[in-house]
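Chemist: One structure follows; several queries about it will come next.
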Amino acid sequence: MSMALATARGVLFVHSAPSSLCRHIDRTLGATVGHHVVLDWQEQPVLQGTFRAEFSWVGPPGAGRVLAAALRGWEHVRFEVTEEASPGSDGARFMHTPDLGVFSAAMDTAGNTMVTEDRLKAALQEGRGDPQRIAKELRLAWGAAWDDELEPFRYAGEDTGVVWFHQVG
């Protein structure tokens, strides 16, 4: 009996990139997915001189991590990669901002960030019984600082179309 390979799907959002990096990002993504990529870059009204693009992808579980790794280290780029849960694999979420670096976490089928038991225990320990410190550690655990920074960029792109790519990774 043959088993079908598991398939994952997700979305890559480049929330902001300087115009000088857009074509470099296209080439990097093309090298990552294994074929020529030209994203539909739109002006990002939140930050003058930057552009945004997004596309949905289909590939093997873990492809979201591969896409995030390909863009990691681009100093002036804000991006987010989501990967839906697939059979045998949790979903994932990756966010990057120039000031904060990369955040990654597992994601449930409803799109919620999942915080592990060990991370919760660490937040309680780091908080040392102080409710404000515990709250700060919990916000860090679910990526609240990244969400706070990316939120204006997300709204700016609500009317942008999506380009579909298949077999990422």
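Chemist: How charged is the neighbourhood of Pro131? Take every other residue with its Cβ under 14 Å from the Cβ of Pro131, and add Lys/Arg as +1 and Asp/Glu as -1.
Modeler: Local charge sum for Pro131: +1.
Chemist: Using amide H atoms built in the peptide plane, which far-off residues or other-chain residues are under 5 Å from Met107 H to H?
Modeler: Gly91, Ala92, Arg93, Met114
Chemist: Still on this model: Over the stretch 99-142, calculate the relative contact order: mean separation of alpha carbon pairs under 8 Å at least 6 apart, over the residue count, as a percent.
Modeler: That works out to 31 percent.
Chemist: What number comes out for the charge environment of Asp108, summing +1 per Lys or Arg and -1 per Asp or Glu over other residues with Cβ under 13 Å away?
Modeler: Its environment carries a net charge of -2.
Chemist: Assuming R0 = 45 Å, what is the FRET efficiency of Glu117 and Glu75, from their Cβ-Cβ distance, to the nearest 0.05?
Modeler: With a Förster radius of 45 Å, E is 0.85.
Chemist: Residue by residue, what Karplus-based ³J(HN,Hα) values in Hz, rounded to whole numbers, does the stretch 124-140 have, using 6.51, -1.76 and 1.60 with θ = phi - 60° and x for Gly and Pro?
Modeler: Here the 3J(HN,Hα) series is 5, 5, 5, x, 6, x, 8, x, 5, 5, 5, 4, 4, 5, 5, 4, 5 Hz.
Chemist: Give me the net charge for the shell around Ala144: Cβ to Cβ below 12 angstrom, other residues only, Lys and Arg +1, Asp and Glu -1.
Modeler: So the surrounding residues net to -3.
Chemist: Could you list Val37, Val81 in order of exposure, starting from the residue whose Cβ has the fewest other Cβ atoms within 10 Å?
Modeler: Starting with the residue having the fewest Cβ neighbours, the order is Val37, Val81.
Chemist: Next question. Which whole-number percent is the relative contact order of the stretch 1-140 (Cα, under 8 Å, 6+ apart)?
Modeler: Relative contact order of the stretch 1-140: 22 percent.
Chemist: OK, next. Looking at the stretch 38-169 only, what percent of DSSP beta bridges run antiparallel? Nearest 5 please.
Modeler: Of all bridge pairs located within the stretch 38-169, approximately 80 percent are antiparallel.
Chemist: Considering the values [x] 1.11; [y] 0.97; [z] 1.05, which represents Cα Rg over 2.2 N^0.38 Å as calculated for the structure under consideration?
Modeler: [x]
Values quoted throughout were computed directly from the atomic coordinates according to the rules given, and no laboratory measurement underlies them. Nothing here was measured: the structure is a model prediction, and the numbers come from that model. Counting neighbours? That spans all protein chains shown, and the Cβs are built from the backbone with ideal geometry, glycine included.
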